[in-house]
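Comments concern the structure below.
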Amino acid sequence: MRDPVAFTSLVERHSADLHGYFARRAPQAADDLHAELWLRAYAARHGYDPARGSIRAWLFGVARNVLSAHWRQYAAAGSGMPRTAGRDDPWEAVDDRIVAAALAPRLRALLAELPSVERELLLLVAWEQLTPTEAAAVVGIPAATARTRLHRARNRMRLGAARDMTGDPT
């Protein structure tokens with residue numbers, strides 16, 4: 001990755017996934033954050049070590065740092081953290097969107113209740129399609145720890161959703 005020309009292929013290969021990472025977390029700033037990611041990644045390209053993980057995981061780590069810096073800047077400005085976070089019958093898709101819209105606030109609340117590392121691991125695996133090992137490299141923890149925390153996060157989400165469906169307040 002030391003060759004600037006080779007860097008261009010990285011941009012082409014990973015750009016859409018990384019832009020999606022930002023669009024799901026900071027939609028209004030996604031384009032600017034995406035541009036900042038590539039500036040920082042290019043500047044830091046000599047620091048990439050293939051022995052520590054895939055280039056994809058490294059890029060998501062850079063993206064996470066860019067997003068963290070954005071949120072720190074956002075908070076320092078006094079704005080606080082932003083609130084997030086092919087079928088034949090088109091009406092099925094409409095129904096699914098209505099159901100999803102009804103569930104979204106509760107799922108966001110359940111996600112917000114997770115410890116930050118567990119939440120980030122879950123989102124990296126679910127949204128960004130990283131493996132647990134790649135997600136571990138992004139957040140800087142051992143892979144076995146990431147798998148344990150990911151399991152814990154999934155269980156908490158599952159139990160929270162089950163409580164909501166049964167009306168059980170515990």
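Data overview
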item: Check on Tyr42, more than 13 Å from Ala69 (Cβ to Cβ), in a helix (DSSP H, G or I) and open to solvent by 30 Å² or more (accessible area, probe 1.4 Å); result: yes
item: Matching entry among Leu110, Leu103, Leu67 (being open to solvent by less than 70 Å² (accessible area, probe 1.4 Å), hydrophobic (A, V, I, L, M, F, W, C) and either over 12 Å from the mean Cα position of the chain (by Cα) or modelled with pLDDT of 95 or more (or both)); result: Leu110
item: Pair list, Cβ under 7 Å, 6 or more apart: region 97-115 residue among the charged types (D, E, K, R), other residue loosely packed, with under 13 Cβ neighbours inside 10 Å; result: Arg108/Thr84
item: Any hit, region 154-170, residues being open to solvent by 70 Å² or more (accessible area, probe 1.4 Å), among the β-branched types (Val, Ile, Thr) and not in a helix (DSSP H, G or I); result: yes
item: Residue satisfying all of: in region 1-27; at pLDDT below 85 and in a helix (DSSP H, G or I); surrounded by the fewest Cβ atoms within 10 Å (Cβ to Cβ) among these; result: Val5
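The values are calculated or read from the model by the stated rules, or taken from the named source; none is laboratory data. Because the structure is a prediction, the values reported are computed rather than measured. So basically every Cβ, Gly included, is an ideal-geometry build from the backbone, and we count neighbours across all protein chains shown. Accessible surface is based on the protein model in full, side chains and every heavy atom, while ligands, DNA and RNA are left aside. Shrake-Rupley method; radii C 1.70, N 1.55, O 1.52, S 1.80 Å.
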